[in-house]
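Data first, discussion second: the structure below is written as structure tokens.
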Amino acid sequence: MNQQRDTGYSLDGRTALVTGATRGIGLAIARAFAAAGARVLVNSRKADAVERTVRTIREEGGVAEALAGNVSRPEELDAVANAALTRYDGPDILVNNAAANPVYGPFTSVSPEAFDKIIAVNLKAPFELTRRLAPRMIERQRGAIINISSIGGLAPEPGLGIYSVSKAAIISLTKVMAIELGPHGIRANAICPGFIKTDFSATLWQNEQLVDEVLARTPMKRLGEPNDVAHTALFLASDQSKFCTGGVFVVDGGYRA
């Protein structure tokens, strides 16, 4: 289905790298950015899924290129970063969306290996990618970095303790980025989605009892959709938010109000 370009949030002439861009929130962001005129560099672990997403965006009239690679692995992150810097003179926009949560339960049940994986994907990869790409943004004196956190980063969610820790840390890292990169015209903001219906969160929203509990305390009385987050990301990537940096934007239907 073709998406209409939102001229109020134009990204014409800009290049965006979106990690974890082949499904859920990342896919919605990639499509929204392309519809707004951005050249989208699509990143995810699996090359076939990346190519499929690129085809989808091109069929919708957008511009996209594939950058497959697991950004939690140093050698693959290096390859992704190096390739990104050669495309259209490098990204103007970076969306750190790729995430992992291999366990659900009390933090005492989390193995050291699972802990390391969560931190590697959710925190270290955004740090490393931003560190690699920021110098090009500094040269141009412009850029937008969007880190996808979670409402778990504001207050830990039951069964998601270490995931919540990683998402709290990415909020803090976002503020560091905003402070240090702001003088160079680069903005950094975090988005904290609530309960969004994606494959990643399927074990949560397919639990009817949990959904009932969530909706009972959600003023909007519905779960979120990926586009709810994508529209916020589009605002933060565009000049409409040119005085917004270091912000934490909650997209949860009022769940944490």
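Here, each number is a calculation from the coordinates, and none is a lab measurement. These numbers were taken from a predicted model, which means no experiment stands behind them. Cβ placement follows ideal geometry from the backbone for every residue including glycine, while neighbour counts extend to all protein chains displayed.
Of the lysine pairs in the chain, how many meet both conditions: Cα atoms under 26 Å apart, and a spacing of 8 or more in sequence or different chains?
Value for the chain: 16.
Quick one: helix 74-86 against the long Cα principal axis of the chain, what's the angle to the nearest 10°, folded into 0 to 90?
40 degrees
Could you point to the residue in 102, 79, 91 farthest towards the positive end of the stretch 72-143's charge dipole, with +1 and -1 charges on the Cβ of Lys/Arg and Asp/Glu respectively?
Highest projection toward the positive end goes to 91.
Return, for the Cα atoms of the stretch 11-251, the radius of gyration and Dmax in Å, separated by a comma.
Gyration radius and largest Cα-Cα distance of the stretch 11-251: 17.0, 51 Å.
Using the Cα centre as the reference, give the magnitude of the dipole from point charges on the C-beta atoms of the stretch 11-251 (Lys, Arg: +1; Asp, Glu: -1; all else neutral), rounded to the nearest 20 debye. Present the calculation step by step, with values, prior to reporting the outcome.
Details: 26 positive and 24 negative charges, 77 e Å.
Dipole size: approximately 360 debye.
Go through the stretch 126-142 residue by residue and turn each phi into a ³J(HN,Hα) via Karplus (6.51, -1.76, 1.60, θ = phi - 60°); whole Hz please, and just put x for glycine and proline.
Whole-Hz 3J(HN,Hα) from phi for the stretch 126-142: x, 4, 5, 5, 5, 4, 6, 9, 4, x, 5, 5, 5, 4, 8, 6, 6.
Which FRET efficiency value, to the nearest 0.05, do you get for residue 89 and residue 127 by plugging their Cβ-Cβ distance into 1/(1 + (r/R0)^6) with R0 = 25 Å?
On the way: r = 23 Å, r/R0 = 0.92.
The formula returns an efficiency of 0.60 here.
Can you tell me the orientation of helix 24-35 relative to the chain, as the angle in degrees between its alpha-carbon axis and the longest Cα principal axis, to the nearest 10?
So the helix axis and the longest Cα principal axis differ by about 30 degrees.
Which whole-number percentage describes the relative contact order of the stretch 1-111, with Cα contacts under 8 Å and a sequence gap of 6 or more?
On the way: 196 pairs, mean separation 31.6, N = 111.
Answer for the stretch 1-111 is 28 percent.
Please compute the Kirkwood hydrodynamic radius over the stretch 1-105, one decimal place, Å, based on all pairs of different Cα atoms.
On the way: mean 1/r = 0.0731 Å⁻¹.
Kirkwood hydrodynamic radius for the stretch 1-105: 13.7 Å.
Using Cα pairs closer than 8 Å and at least 6 residues apart in sequence, work out the relative contact order for the chain, in percent.
Numbers: 517 pairs, mean separation 48.6, N = 257.
It rounds to 19 percent for the chain.
Please list, in order, the residues from the stretch 87-117 whose amide nitrogen is less than 16 Å from a point placed 7 Å along the Cα→Cβ vector of residue 213.
Zone members listed by number: 104-107.
Let me make sure I get this right: for the stretch 203-257, a, b and c are the square roots of the gyration tensor eigenvalues over alpha carbons, sorted descending. Under 1.5 in a/c it's rounded, otherwise prolate if a/b > b/c, else oblate. Which is it? Kindly include the intermediate steps, with their values, before the conclusion.
Working: a/c = 3.36, a/b = 2.36, b/c = 1.42.
Prolate, because a/c is 1.5 or more and a/b exceeds b/c.
Excluding residue 182 itself, what net charge comes from residues whose Cβ is under 15 Å from its Cβ, given Lys and Arg +1 and Asp and Glu -1?
Details: positive: 140, 142, 175, 187, 242; negative: 180.
In short, +4.
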